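Everything on this sheet refers to the single structure shown next.
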Amino acid sequence: MSWQAASFVLLSVALVGGFAWYEREKPPARVLALVAALAALAVVGRLAFAAIPNVKPTTDIVLFAGYALGAAPGFAVGALTAVVSNVFLSQGPWTAWQMAGWGAVGVAGAVLARVVGERDPNRFVLAAVCALAGLAFGAWMDVYQWTLAVRQDVATYVAVSGTSLPYNLAHAIGNFLFCLLIGPAFIRALRRYRRRLEVRWDTTPAGAGVAAALIALAVASGMGDGAGAAVNAEGGGQADALRSRPSANAAAAATTARAVRYLLRAQNRDGGFGAAPGQRSSPLFTGWAGLGLAAAGRNPRDVRRRGGRSITSYVERGSRSLREIGEIERTILLLKAAGLSPRSLGGRDLVAEVKRRRRADGSIAGYVSYTAFGILALRAAGEPAGRATLAWLMRAQNGDGGFGVAPSAASDSDMTGAVLQALAVTGRARSGAARRALEYLRANQGADGGFAQMRGRSSNAQSTAYAIQGTVAVGAAAGAVRRAVSYLARLQRPDGSIAYSSTSRQTPVWVTAQALAAMRRKPLPLATVPRERARSRAAPAAAAGAGPSKRRGGSRGTGGRARREVAAPGGPATGEGSRAGNHQDPRPRTSGAGTRKRDGDANDGPAVEPSPAGPANATAAPRRKAAEDRDAPAERGLPVGALAGAGALTLAVIALLLRRAAPWRMLRRPRATP
C-alpha cells in the first residue's frame, strides 16, 4: 500500500470516529442549528478572502466554536467547513486532510476553554493561540504534501515546509489580526447561546404578526370559565372568581400531575435526564428536572426509574466534572432540596467555592445571572449574601427597572425574575429595586398571559416561569400570576410536557421542569423535600389523628392540613412539598408582618436553615462540554460575483460584532445556569 493510500485510510477512520463521537453526544436540534450556522460562517469567511492567499478567518471561527460549544461540536464545525467550502473551491484528496486539520483545531479550542476555565480569555493570548493554530494547520497540510513526494523522510518534509513557510506565516498573522478584531466578542456571543442552549427564529412578516394577534384575540374572547374568572377577579367580579376557583384549582392540579408524570417517564436509567425523553443524560437538564420535581414534592434522592439510579446518584457519578460557577450554584440548590449538605461533595465545600468566585466589587464572576443565583445558593446554605454583593446587584438595575445578564445588557424577564427571587430571600421584597423590577415585568406580560423574554417578542414558557417565580417571591400581583399560570397550562401537550411556545417544542424536559416549579408557585431556593419513607411513616399517625382533629375543627391536625391541600392544589403554600408540615418554603413573604424578622435585617443574617448534613458522597449536578490550504488553482476559477457577495456578508458580520461587542460581554446562564 502506498503512502497516499495508507494515509487516506487512516484519515477516513479518524473522520468516521470523530463524527461517531459527535453523534454519540446526541446533540439537540438547537445545537445542530448552531453548528450548521458556524460552519456556514466559516465557509463564507474562507470564500470572502479567497483572493488573499491563506489570509482567512476560517481557522479562528472553528477554534472559537470549539472553545464555546465543546470538543465534539468544534470538531463538527471544522470538518463540515472543509467539505462544504471545497464544493465552491474544489474537492480532492486534500479535503480529508483539511477536515481532520480543522476538526483538530475545534477540539483544541475546547482544550483551551478547559485550561482557561470561567475567566474571560485575554485578547492577546487568544490571538496568539489562533496564530499557533494557523501554524499547526499549515504543518499538518505540509504532511499531506509530503505524502505526495518521492521520498517520505525528514529532509523531504523540511524541504516541503520551507516552500510553504511564507503561506503559513501569512495564515498565522491573519489569524492573529482577525482574533484581535472579533475574537473575545465572538466567543462571548457563542458562550451566551451555549448556556441558554437555545437558538431562536423570530417571525418577521408583519402580516403574520397581525394574523397571530387576531387569532390570539379570538381565542381570548372564546376562553372558558377559568380565564373569565381571572378577568372578573381583576375587574372586580369577585363572586364569579370565587365560584370558579374550585374547578380552576382542580384543573391546575391535573396539569401539574401530568407534568410530573412526563418528567418521571423521561428519566434515564442512569438517573439523569436529557433534553427530551430518550436523549443522553446531561447535568444541566438533570439539575433543572430535579428542581422541578422537588417543587412538586419529589425528593431528588427518591426519583428513580424501576431498576435505575436516582437523580442524586447520577450527579454523584459525574461530580468530578463540576467546575463552572453556574453548575456549582445549581448544585447547591439541588442539594438543599434533597436534604444533602453542600459543604461535602467528594471533599469539596461548594459554598466556599461560591465565595471564592466573588470579586472585589461584590459580584460573582461579574454577571448578574451568576450573582443572583449565587445569592440564592448562599441563602439556601444558610449563609449571608453579603452587603457588597447585594449592592452590586441592585446597581446593575437598568433604567427601565429590569435586569440583564450583565450590567451592560438589555433587560429581560428571565434575569429580572431571578433577581426578584434573590431580593426576596434577602429581605428586600419591598425595596424600591423590587418595585421597579415588578413594573418592568408587568409591562412585559402579553395579552395571552405569558411573558416575553424581551419587549416586542412573543411569550415563551421559560421567561414566564422566571417571571412567575420572581413575582411570587415578593408576594405581589396575584392576578398576573394566575394569568401566567393559565398561559403555561395552555402550552401543555398530550404527553404532559410543556411546550416552549405555541410554535416551538425545544428542550421539553427543561421547559417542563421550570414550568412545573412556576405552576406550583415555588420560588428558589426550595425547601428540603421530605423523603418518601418519612411520609409513609407519618401516614398512620395522620390517619389516627384525623378524627379527633376534625372534631376540634381540623385546623392544627394532620388531617386538616391534608384537607387544605385538596382545597387549594397548586397554591403557593400547598402541594406535595408541604405535606410534612415543617418543610414550607423559607422564602420571605411581603404580606406578613414577620418578613424582616424571618429574613434578617440589613446585615443579611441567615434566613434559610442549612441543609442537614448528608453522607460524604453527597452529590451535585456536574457540569455538562494550521495555515490555509493551497487554494490558488481553485481560486482562479471562483466567480467574481460569489467573491463579492461573500466578502460583503463577512464584512457585515464583522461590523455587527464590533457594534454589539459591548452587549456581548454578558454571559447568559441562567436557564442553563445555574
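Each reported figure results from applying straightforward, stated rules to the coordinates on display, with no laboratory input. Computed from a prediction, not measured in an experiment: that's the story for all the values here. Reconstructed Cβ throughout: ideal geometry from the backbone, glycine too, with neighbour counts over all protein chains shown.
Taking the mean number of other Cβ atoms within 10 Å as a proxy for protection, how do you rank 418-425, 377-384 from highest to lowest?
Sorting 418-425, 377-384 by mean packing, highest first, produces 418-425, 377-384.
Using the Karplus curve 6.51 cos²θ - 1.76 cosθ + 1.60 with θ = phi - 60°, work out ³J(HN,Hα) for each residue of the stretch 50-64 in order, rounded to whole Hz, and write x for Gly and Pro.
In residue order, the calculated couplings are 4, 6, 9, x, 6, 10, 8, x, 4, 4, 4, 4, 5, 5, 4 Hz.
Using modelled backbone amide H atoms (1.01 Å from N, in-plane), which distant-in-sequence or interchain residues come within less than 5 Å of L345's amide H?
Here L350 satisfy the definition.
Ranking request for peptides 311-321, 390-400: highest mean number of other beta-carbon atoms within 10 Å first, then the rest in descending order. Kindly include the intermediate steps, with their values, before the conclusion.
Values: 311-321: 21.5, 390-400: 18.0.
Sorting 311-321, 390-400 by mean packing, highest first, produces 311-321, 390-400.
Of the listed peptides 335-345, 31-41, what is their order by residue-averaged count of other C-beta atoms within 10 Å, with the highest listed first?
Top to bottom by mean Cβ count within 10 Å: 335-345, 31-41.
Give me the distance between the Cα centres of the stretch 104-130 and the stretch 494-537, rounded to whole Å.
Distance between centres, Cα-based: 36 Å.
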